[in-house]
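Enquirer: Below you'll find the structure I mean.
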Amino acid sequence: MAVLREVLDQLTTRGELFTAEGEQRVRCHACAHRCLLKPGQRGICKVRFNQDGELRVPFGYVLSAQTDPIEKKPFAHFYPGSDALTFGMVGCNFQCDFCQNWVSAQALREPLARISAEHLQPVSPQQLVHFARHSGAQAVVSSYNEPLITSEWAAAIFKEARQAGLKTAYVSNGFATRETLDYLLPYLDAYKIDLKCMREDGYRELGGRLQDVLDTIQRATELGLWVEVVTLVIPGFNDSAEELWDLSRFLVSVSRDIPWHVTAFHPDYHRLQTQATPASALQRAAEIGEEAGLRYVYAGNLPGKVGSLENTHCPQCHARLITRRGYTLEEYSLTAAGACPHCGAQIAGVWTKNPAEVRLGGWGLPRRVQF
């Protein structure tokens, strides 16, 4: 782990999301922890640190990068049927005991991760975007670890991606700041946010604060980013009817058009004694979301077991517009204007202008990138 940290410290650049606080201290603004760092001190994320009064931040490498369906992020209303080049680094500003990407997210805290310096791939933004274009991807996505703590790196890649005509997205825990959202806005199209529960004590357990995540959902929507929200439904942690009602009502208060994904937990990392989420729990959560007034509610991670909750329906005439099974589209009938062909209602989202080119059927294996 010490060797990994030494190598990671070399793969850094001067940060942009910080302010000088005097006596060589810096205040990091990448996430809502807003760490105040003395020289030699690291942030909660472990990858942003003060070096002689300058904030150093991750840059110039990926731990993993691969092209796979946008539905896997998951996005349901952002270019469905397309591929995305997804890249990730090391580190996280939370410590969720159920993390399903813990090997990369917790590599600097968790000896079991067994990530070594040899797993890191030095790469330039231009190389990543070149691969995305030649692999047929329509979007470039920052994910796997927490994107907020590597925002300078993502912005550099997204600038290149935008120039190449590609869309961009974050898959994040949403523990953002106003400064980071404003910094990303010129280069970011979509933001998938995990809303992990609706209790402050639940977020304290994970290492964050609920209100900051709620503020991010509100502000990202107001800024015009396309926002989708995911809740991993964990038995005994966040699956009570009361909590799901609170969550649904909050989303409705922001926008009824926010797609809400309720996804199935499976035992992982340090939460191995909790049972996997049954399909019935996802269906119950989805019913609450729909009854609260959300127009687009989806259930994931259990393909073929959640009835029509993988599909997109018109909220006005209820016609089925997109049929899905897992990450595969079986039917797509939206118009080029993103409207229902039956009643003409506009469907909220970011849609292709060429519906005939939407990929239906299998998508093959993920294409991992080696540089």
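Enquirer: Identify, from the list LEU251, LEU214, LEU302, LEU282, the residue that is closer than 17 Å to HIS77 by Cα, in the same structural domain as PHE75 (by TED's automatic domain parsing) and not hydroxyl-bearing (Ser, Thr, Tyr).
Expert: Details: LEU214 fails: closer than 17 Å to HIS77 by Cα; LEU302 fails: closer than 17 Å to HIS77 by Cα; LEU282 fails: closer than 17 Å to HIS77 by Cα.
From the options LEU251, LEU214, LEU302, LEU282, the qualifying one is LEU251.
Enquirer: Among the residues of region 164-181, is any over 18 Å from CYS96 (Cβ atoms), crowded, with 18+ Cβ neighbours inside 10 Å and of a type in the set (Lys, Arg)?
Expert: Checked region 164-181: at least one residue is over 18 Å from CYS96 (Cβ atoms), crowded, with 18+ Cβ neighbours inside 10 Å and of a type in the set (Lys, Arg).
Enquirer: Counting residues that are β-branched (Val, Ile, Thr), which helices (runs of 4 or more DSSP H) fully inside region 169-224 reach at least 1? Steps first, answer last, please.
Expert: Details: elements: 178-184, 200-206, 210-222.
In region 169-224, 178-184, 210-222 are the helices (runs of 4 or more DSSP H) which contain 1 or more residues that are β-branched (Val, Ile, Thr).
Enquirer: While we're on this one: Restricting the search to region 118-151, which residues are among the acidic types (Asp, Glu) and buried (at least 23 other Cβ atoms within 10 Å of the Cβ)? Quick ask: steps written out before the conclusion?
Expert: Narrowing region 118-151 to residues among the acidic types (Asp, Glu): 118, 146.
Scanning region 118-151 gives a single hit, GLU146.
Enquirer: Looking at (1) under 30 Å from HIS313 (Cβ atoms); (2) assigned to a loop (DSSP other than H, G, I, E, B); (3) under 17 Å from the mean Cα position of the chain (by Cα), find the lone condition where TYR144 falls short.
Expert: Exception for TYR144: condition (1).
Enquirer: Going through region 321-345 one residue at a time, which ones are in a strand (DSSP E or B), of a type outside the set (Val, Ile, Thr) and surrounded by 14 or more Cβ atoms within 10 Å (Cβ to Cβ)?
Expert: Residues of region 321-345 that are in a strand (DSSP E or B), as a first pass: 321-325, 328-332, 339.
From the residues that got through so far, the ones that are of a type outside the set (Val, Ile, Thr) too are 321, 324-325, 329-332, 339.
Listed by number, the residues that qualify are LEU321, ARG324, LEU329, TYR332, ALA339.
Enquirer: Give the number of residues within region 205-250 that are farther than 18 Å from CYS96 by Cα and in contact with a strand residue (DSSP E or B) (Cβ under 6 Å, 6 or more places away or on another chain).
Expert: 7
Enquirer: Which residues, counting only those in region 1-50, are among the acidic types (Asp, Glu) and either at negative phi or under 25 Å from the mean Cα position of the chain (by Cα) (or both)? Don't jump to the end; show me each part of the working.
Expert: Pass one, region 1-50, residues among the acidic types (Asp, Glu): 6, 9, 16, 21, 23.
Listed by number, the residues that qualify are GLU6, ASP9, GLU16, GLU21.
Results for (1) part of a strand (DSSP E or B); (2) in contact (Cβ under 8 Å) with a residue 40 or more places away in the chain; (3) among the charged types (D, E, K, R); (4) closer than 19 Å to GLU228 by Cα, shown as yes or no for each residue.
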| position | (1), (2), (3), (4) |
| --- | --- |
| VAL57 | yes, yes, no, no |
| ALA65 | yes, yes, no, no |
| ASN93 | no, yes, no, no |
| CYS96 | no, yes, no, no |
| ARG133 | no, no, yes, no |
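Enquirer: Quick one: how many residues across region 98-123 are more than 16 Å from ILE149 (Cα to Cα), out of contact with any Phe, Trp or Tyr (no Cβ under 7 Å at 6 or more places or on another chain) and touching a residue at least 12 places away in the same chain (Cβ under 8 Å)?
Expert: 7
The values are calculated or read from the model by the stated rules, or taken from the named source; none is laboratory data. Just so it is clear, the model here is predicted, and its values are computed rather than measured. Neighbour counts run over all protein chains shown; Cβ positions are idealised from the backbone, glycine included.
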